[in-house]
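Okay, structure first, notes after.
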Amino acid sequence: MHSINNTELSSLEETRCQFNGGNADIKLGIDVHQDFYVVVMQEGGGNPKPPQRFHKEAFVHWAAKLKSRATEVYAVYEACGFGFALQRQLSALSIQCYVVCPQKLDEHNKRVKTDGLDAKALCLRLDRFVQGNRWALALVRVPSEEEERSRAIHRQREQLVKGRKQLEAHGRSLMVNHGIEPVKSWWKQGNFGALQVPKWMKELLGNSQPILLALQEKIGALTLQLQAAAAPEQPRGLGQMTSVIIDREIGDWNRFNNRRQIASYTGLCPGEYSSGNSRLQSCVTKHGNPRLRAALVELAWRLVRFQPSYKPVLKWRAILAKGALATGAARKKAIVAVARQLAVDLWRIKTGRLRAEELGLIS
C-alpha cells in the first residue's frame, strides 16, 4: 500500500482549496484598536494566514467581499473600550461575529505579545469553537442598542458623583493642609458663605464651587429620571433607583437558565483552588458585572433593616443584627451571602417563578 508523505498531503490540501473555489468557511481573528484592526484569516481547515492591518472602513469593505465568496464567515474579537459597533457592522453583513472576554492569549507562555499573535490565537480558538468546542471561547453577551442607551444614564450619574466627590475632597484637603478643620459639603451655598478660612483660600475654593453646584444639579436631574422609570409597588427597602440600576445592568433576566448562571454573573461566588484531596475556597471571584455587584450588596444591607422576614436575612440574623457580636470579616461574608441569594431570588421574581411574598419580601 502506498503511504502519503507530508509533501503529498500539502499538495492535496492545496488541491482541495482550489476545488472549493474559495467557498470554504472563513474564520477571522481580529485585534481591535482605535484607528485600525489587525486581522488573521483562516480558510476551511487550513493554517492561519499572515496578519493583515486594515483601517476601519477598509476592513468592513473587505469583509463584505469575503462574505460574497464564502459559504460562512465567522469573526471574533475581545471585548474592549470600543464597544460593540464592529460586531453590529459585521452582523449587518450576515457575518457571525462573536465578542469574548479579554484573556491571556499566550497559551505557551512565551512572553511574546503582538497584535498579530493575539489575532492568530483568537482565530485558532474560533476555529475550535465553530467545529463544536463550546468551551473554546468565553462569549460576552452583546446588548441591544436600546439596552446600552438606557444603562448609559445611570453610568453617567455614577461618573458625575465620582467627580463631585473628588472635587469636594480637594477642597477639604486644602483646608487640612493649612491647619483648618474641614467642613463637610463646604461647597453648598449656606456652608460656603459661612466658611471661616483666609481670603486667598476662599478664592481657590470658589473656583470649584460653581462646578460642584452644577454637578449636583445634573446628578439630581438624573436621579429623578431614574426613579421615574422604576416599576410601581416595589418590595420595601428595594429602592426605586436601585431597582432600575439592577434591571438595566442585567438587561434580560430570561437569558439565565438557572440560579447558578445568575449567581456566577454577579461575581459573588467564592473562588476555589482545589487539587487532589485539598480544597481551598477563597474570596469572591468578582467575575461579571461590578456595578451589579455593588448594587446588590448595597441593597442587601437595606433589606437587613427593612425586610427582617426575608429568608436569607433570617438565616444570617445572628451575625448581621444590630449589636451582634461578630467581626467585620464575618459580617462581610454574611452580607455577600445575602446579596448572592438576593440576585437569585430577584431572577425568580422577574421571570415569574415565584412571587415576592413567597420569599418573605413585603411591599
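Key figures for this structure:
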| read-out | value |
| --- | --- |
| Counted residues, the range 146-175 - those being within 24 Å of Ala85 (Cβ to Cβ) and either of a type in the set (Phe, Trp, Tyr) or in contact (Cβ under 8 Å) with a residue 12 or more places away in the chain (or both) | 10 |
| Glu217 vs. criteria among the acidic types (Asp, Glu), part of a loop (DSSP other than H, G, I, E, B) and open to solvent by 60 Å² or more (accessible area, probe 1.4 Å) | no |
| One residue from Leu90, Leu117 being of a type in the set (A, V, I, L, M, F, W, C), without any contact (Cβ under 8 Å) to a residue 24 or more places away in the chain and in a helix (DSSP H, G or I) | Leu117 |
| Scan of the range 61-78 for residues that are at pLDDT 95 or above and β-branched (Val, Ile, Thr), ordered by number | Val73, Val76 |
| In the range 126-147, the residues that are more than 24 Å from Gly251 (Cα to Cα), open to solvent by 70 Å² or more (accessible area, probe 1.4 Å) and either assigned to a helix (DSSP H, G or I) or in contact with a Ser or Thr (Cβ under 7 Å, 6 or more places away or on another chain) (or both) | Arg128 |
| Filtered residue count, the range 327-360, keeping only those that are surrounded by fewer than 18 Cβ atoms within 10 Å (Cβ to Cβ), in contact (Cβ under 8 Å) with a residue 40 or more places away in the chain and over 23 Å from the mean Cα position of the chain (by Cα) | 1 |
| Counted residues, the range 79-125 - those being polar (S, T, N, Q), under 17 Å from the mean Cα position of the chain (by Cα) and at pLDDT 95 or above | 1 |
| Residue in the range 180-187 that is of a type in the set (Phe, Trp, Tyr) and touching a Leu at 6+ places or on another chain (Cβ under 7 Å) present | yes |
| Test result for Cys97, assigned to a loop (DSSP other than H, G, I, E, B) and at negative phi | no |
| Conditions (1) in a loop (DSSP other than H, G, I, E, B); (2) closer than 30 Å to Ala339 by Cβ; (3) open to solvent by 60 Å² or more (accessible area, probe 1.4 Å); number of the one not met by Gln196 | (2) |
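Residue by residue, here is whether (1) at pLDDT 95 or above; (2) over 22 Å from Ser173 (Cβ atoms); (3) surrounded by 14 or more Cβ atoms within 10 Å (Cβ to Cβ); (4) under 27 Å from the mean Cα position of the chain (by Cα) holds:
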site	(1), (2), (3), (4)
Gln209	yes, no, yes, no
Leu212	yes, no, yes, no
Gln225	yes, yes, yes, yes
Ala230	no, yes, yes, yes
Glu233	no, yes, no, no
Gln240	no, yes, yes, yes
Ile245	yes, yes, yes, yes
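The values are calculated or read from the model by the stated rules, or taken from the named source; none is laboratory data. Just so we're clear, the structure is a prediction, and the values are computed from it rather than from any experiment. Every residue, glycine among them, receives a Cβ derived from its backbone with ideal geometry; neighbour counts consider all protein chains shown. The protein model used for the area step is the full one, side chains on, heavy atoms only, and it has no ligands, DNA or RNA in it. Shrake-Rupley method; radii C 1.70, N 1.55, O 1.52, S 1.80 Å.
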